[in-house]
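The values are calculated or read from the model by the stated rules, or taken from the named source; none is laboratory data. From a predicted model like this one, the values you see are computed outputs, not experimental measurements. Glycine also receives a Cβ, built like all others from the backbone with ideal geometry; neighbour counts cover every protein chain displayed. Accessible surface is based on the protein model in full, side chains and every heavy atom, while ligands, DNA and RNA are left aside. Shrake-Rupley method; radii C 1.70, N 1.55, O 1.52, S 1.80 Å.
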Amino acid sequence: PAGGVGQNPSIRDIHVFVCSPPAMQQVMENLKGLPSGTAAQDMDLIFLTGIMESPIVRSLAKAHERLEVMQLTAVGENNMELVTDILESLHSAEGDDVAAAELTRILEEPHFQCLIETHDNVAVKSYEMSPTPGSSRVSLSSSLVPPDAVRMIGIQKRAGEPLGVTFRVEGGAPVIRRILHGSAIARQGLLHVGDVILEVDGHAMGGDPKELQELLKDCSGTVTLKVLPSYREPPAPPQVFLKPHFKYNPATDNLIPCREVGLAFSRGDVLHVVNKEDPNWWQATNLVVGDTGLIPSQFLEEKRKAFVRRDWDSSGMLCGTMTGKKKKKKMMYLTSKNAEFDRYELQTYEEVARMPPFQRKTLVLIGAQGVGRRSLKNRLIVINPLKYGTTVPSRRVRRPTSTAPRWDSIHEVVDTRRTCILDVNPQALKVLKTAEFMPFVVFIAAPELDTLRAMHKAVVDAGLTTKLLTENDLKKTVDESARIRRAYSHYFDLTIVNDHLDKAFDQLQEEVEHLCLQPQWVPVSWVF
């Protein structure tokens, strides 16, 4: 009460509540009428008077009074009719009025119209959803989807631009089956896998996905969809990166469900896999060209490549020549039970991870005999002995079938912070390509036979060698180089055709030094 101020020993103990302006006026008069010598201190009275006279407290008091004596009511219950009348007037208006065009755009926005419609429903206390076209085809009584979950969604579409969406039929209505990563729908983020499409621009959808596809194909601009959402949270995009060991062209693939959405790639490209729900077709982005589409899954590609041409002898070594009729072998892909797949080196994808620039522990040079590997290795070491080294030959006699250098000798070079250069048999790659050695594998390929013949003649004429190679020796080098490429290309990080030794050396040196300056894609087993 206003009159209780003078009864308290200290005004600091008073709790001020928001009251009406008449009551506040009475409090102000009581404060001014306090006799001198009261228990209230002068500073306290000045402080309280300042609070009561502040504009904020007076505004609160006025709002409190208005809320007590007034009840909020809706402006109207037929605002959708009002919006329709305004739009008709705007459309019939002549001239290019910028303000009228902007108002028309706002009033025609699906989200704005949904807001006005909701306002009208609340105003008349109509909280039940009216029957919608297509409700007989789609059950709304699912425990996972509440009956009032139908939404109006406005998507933007350019003429001729594919949406990147595929559909299936469930309960007599089209349901979104797949949304391609990077497509127009994925970028807008308004639709999700499992959403049911009930209407397109007011046109009720039946159970024919082709009808929906054709209707969406002809649309442009803002397309209004009535959607029954799935309420399933989209999974976080998986950070899976693959390096393919084969070239793929969807235009020549008879298995792909839709060639237009296929993703072409080349051997060695980096693919970011964004969806692996389909066991046969994954969604991926080619980081080299930036395109997104479907690629064959590892399971599908391995199953397709299970029909293998036999190019190995019984010992697993490369054959010198092929004799007799070529053999083909058809094998079922059962990795856990069929050890022959280890021999056939069935390679499709390799999972990789992006690493910051770093110096590789080893540089492995692979190539046919006489292709120039040793010359390239020795030149690198001579030019920069502080950065490159090689293994110390073992004193003991090795068996002729031995393919691997001494591992402790490699570690001795790596421990001095140098890259160990190795020119080894290709069969050693399976042991070397691990996190222990982190090799950068370079295949030194032989040139064409005519070029190789001319190079050998130039070396002999210059007096740089006294070893004369026969025509059969040169052909053997070219054939062996081709066989190594076919059998071990999935291990190669770089291929250099040695058609000119100086040019091949410059390319090799530039690529190796580039590793310390740019991020690298390496096998994921090296990182995790």
**Report entry** Positive minus negative residues near GLU109 (Lys, Arg vs Asp, Glu; Cβ under 15 Å)
**Finding:** -2
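Between ARG354 and ASP408, 0.36 nm times their residue separation minus their Cα-Cα distance comes to what? Please report the intermediate quantities before stating the final value.
Working: separation 54, 0.36 × 54 = 19.44 nm, distance 2.86 nm.
Difference between extended and current length: 16.6 nm.
Kindly report the accessible area of the stretch 168-301 per residue (heavy atoms of protein chains, probe 1.4 Å, no ligands, DNA or RNA), in Å².
Counting only protein heavy atoms, the per-residue value for the stretch 168-301 is 48 Å².
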Query - the stretch 287-303 - phi-based ³J(HN,Hα) in whole Hz, Karplus 6.51/-1.76/1.60, Gly and Pro as x - result: 5, 7, 10, x, 7, 10, x, 8, 10, x, 5, 5, 4, 5, 5, 5, 5
Requested in this report: Calculate, for THR466 and TRP526, the FRET efficiency according to 1/(1 + (r/R0)^6) with r their C-beta to C-beta distance and R0 45 Å; round to the nearest 0.05.
Outcome: 0.55
Query raised in the report: If you stretched the chain out fully between HIS111 and GLU161, how much longer would it get, using 0.36 nm times the residue separation minus the C-alpha to C-alpha distance?
Result: 15.6 nm
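Carbon and sulfur: what percent of the stretch 395-510's accessible surface (1.4 Å probe)?
Carbon with sulfur: 50 percent of the solvent-accessible area.
Might you tell me the accessible area per residue for the stretch 402-528, computed with a 1.4 Å probe and given in Å²? All intermediate terms of the calculation are to be shown ahead of the outcome.
Details: 6760 Å² over 127 residues.
Normalised by residue count, the accessible surface of the stretch 402-528 is 53 Å².
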Requested in this report: Please compute the net charge surrounding GLY262, taking Lys and Arg as +1 and Asp and Glu as -1 over other residues with Cβ under 15 Å from its Cβ.
Outcome: -2
Report task. Report ³J(HN,Hα) in whole Hz for each residue of the stretch 46-53, in order, from the Karplus equation J = 6.51 cos²θ - 1.76 cosθ + 1.60 where θ = phi - 60°; Gly and Pro get x. Result -> 5, 5, 5, 4, x, 5, 5, 8
Requested in this report: Using amide H atoms built 1.01 Å from N in the peptide plane, name the residues 5+ places from TRP282, or on other chains, whose amide H lies under 5 Å from its own.
Outcome: ILE295, SER297
Requested in this report: Calculate, for ALA63 and ALA487, the FRET efficiency according to 1/(1 + (r/R0)^6) with r their C-beta to C-beta distance and R0 60 Å; round to the nearest 0.05.
Outcome: 0.10
Report summary line: Surrounding charge for ASP120, neighbours by C-beta under 10 angstrom, Lys/Arg +1, Asp/Glu -1, total -3
Query raised in the report: Want the number for ASN384 to GLN427: 0.36 nm per residue separation, take away the alpha-carbon distance, what's left?
Result: 12.6 nm
